[in-house]
Structure formats: C-alpha cells, structure tokens
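The values are calculated or read from the model by the stated rules, or taken from the named source; none is laboratory data. What you see is a predicted model, and the numbers here were worked out from it, not measured in a lab. A quick note on method: Cβ atoms are made from the backbone with ideal geometry, for glycine too, and the neighbour counts reach across all protein chains shown. The area values use the complete protein model at the heavy-atom level, side chains included, leaving out ligands, DNA and RNA. Shrake-Rupley method; radii C 1.70, N 1.55, O 1.52, S 1.80 Å.
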Amino acid sequence: MAAETVPPVASKGLDAQGCIEREGSLGRIPPAFRPVVAAARDRVLDLFGSRLHSAYLYGSIPRGTARVGRSDLDLLLALRDEPTDADRADVRALGEALDEEFPQIDGVGTLLYSRALLLSELERHDLGWFVACLCTPLLGDDLAEYLPRYHPDSLLARETNGDLALLLPRWRDRVEAADSEDTRRRLVRFMSRHLVRTAFTLVMPRWNGWTSDLAEMAEIFAAYYPERADQIRRAAVLGQAPTADMAVLRTYVDDLGPWLADEYTRVHGTKTPRP
C-alpha cells in the first residue's frame, strides 16, 4: 500500500554511491565487552590455528550499542576448508565457556562456514552481503575485499529473507518442543528479531536505505503497512526484552509469520534454493 510519512534515519546507512555502508568497528566496542572480545579472539585462534581464514564480530557489540548482562556475543568464523561436525561442537563448547566466564554477555552465537561458501555466487547476496556489510573484521584477511558493494534492492531483499515460508514449519516444531520458560524466552527473542528484520527488508527497497536498529526497522515498516504496525513494534520490543509467553510464539507462527511470508513472496519472490 502507499507509504505514509516515513521516519528519516540520518544518511539511511548508505554512502555517496547509494551502497550500504559497513556498520560497526573494533573502535566502537564498549569497554565492558573488550575483555570478552579479546578472549574470544585468542581462543578462536587457538582452536583452529592455520585452518582459520578470518574471524568477525557482528551485532550490538561492534556497533557500540551492547548492554551489559543483556547482549550476546556474535561471531562469524571463516575456515579455509569445510567445517565438520566436530568443529561445530568445539565452537558450541567455546561459546558456552565464554558465556559462563563473562557475566557481561548473555549467550554466544557463532556462525561457522568455509571461505569458499562465503565467496560463492550462491551466497553473494546473503552470506556474502552479511560479511561485507554487517561484520567487523577481527582476525585474518577480510573477505569483504573480494565481494561487491551492495544496494538495498529487491534482489538483496529476496536473497536475505525470502525463505521465511520454509522456516515456519521448523519454528512451529520448536515452539511445540519449548518446555521451559528459558527456552520460550530465547525463542521469543530470536523470532522477534527475525520477524522485525524480515518486515524491514520487505520495505527496504522502497525506503532505499539500511539500518540494524530494531525500533527504527519497525517504524520504517509501519509507514508502509500500518495495519501490521503494532505487531512489528511489539516484536521489536520483545527482541530486546523477551517474554516467555507461549501466546506470543503462537501468534508468530500462526498469524504474523504466515502473513509476512506470503507478502514477502508476493513482493520479492522466493530465495534461491540451497542444496
């Protein structure tokens, strides 16, 4: 539907050529989180040694917006070869150890891929874009040097979040299996953030810009879809301060999620299938 008044967001996250600027830097890391980052850097290098091509931070810590005791540590690791199940287990153990040792973080999320996959044509507008625009180099040779500049267009929207319809059945299974308050709270946090980001990228080409701020994403979306504005605004709040309410999760998988998946497919099409 036609846009109402859309809230301005500084330069809309674009450079002079209209490409998405890379967000975050090591210099923006809040002092409280620097010991965590230093420990993660050293332990990742100890764990993978010469197999590690490069390591990156992403999320609120390198953006400088992390909150002590509330924010998680987000890492992306690129290996020179394909990661194994043992590698993934080691990464999970590393994250658990860091989470237990450093009270200033609330969890560790680590993405583990091969260099070849991150630079592949298939991932050019998904994982490649993620590395080039949303990740801050921590160790090794920066893969962004081998990737293009990105515009906030429909192709990027499709390849980043055009798979929500495929995810919803898995989400429903996870909701049904959520048998503790802690599990439900983590699911609400994860799904809220995913839905807000998907809602934003739905309208991103029309707004012609980029932001990673959940509240800004919700307001930008609201100007184009006022009938769903309150749901997305609420999801943005729950992405920061989640509840364990099962009713929220059921609304996500039975109402908001299916509507958003259908509208996304209508506007941008579906994401290129992965093997």
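Miscellaneous remarks
- Paramagnetic reach from residue 17 (point 7 Å along Cα→Cβ, amide N under 16 Å) across the range 117-139: 129, 132-133
- Two-site label geometry, residue 165 and residue 121: point separation in nm, points 7 Å out along Cα→Cβ: 2.5 nm
- Label-zone membership for the range 223-255, site residue 172, 7 angstrom Cα→C-beta point, backbone N under 12 Å: 253-255
- Take the range 29-181 with all the other protein chains still there, run a 1.4 Å probe, and you get 46 Å² of accessible area per residue.
- Magnitude of the charge dipole for the chain, about its Cα centre and with charges confined to Cβ atoms of Lys, Arg (+1) and Asp, Glu (-1), is about 360 debye.
- For the range 190-257 and the range 12-32, distance of Cα centres in Å: 22 Å
- Using a probe of 1.4 Å, the accessible surface attributed to residue 274 totals some 80 Å² when neighbouring protein chains are kept in position.
- Local electrostatic count, residue 99, Cβ distance below 11 Å [Lys/Arg +1, Asp/Glu -1]: -4
- Here the calculated FRET efficiency for residue 114 and residue 26, from their Cβ-Cβ distance with R0 = 22 Å, stands at 0.35, rounded to the nearest 0.05.
- With all protein chains in place and a 1.4 Å probe, the accessible surface of the chain carries 51 percent carbon and sulfur.
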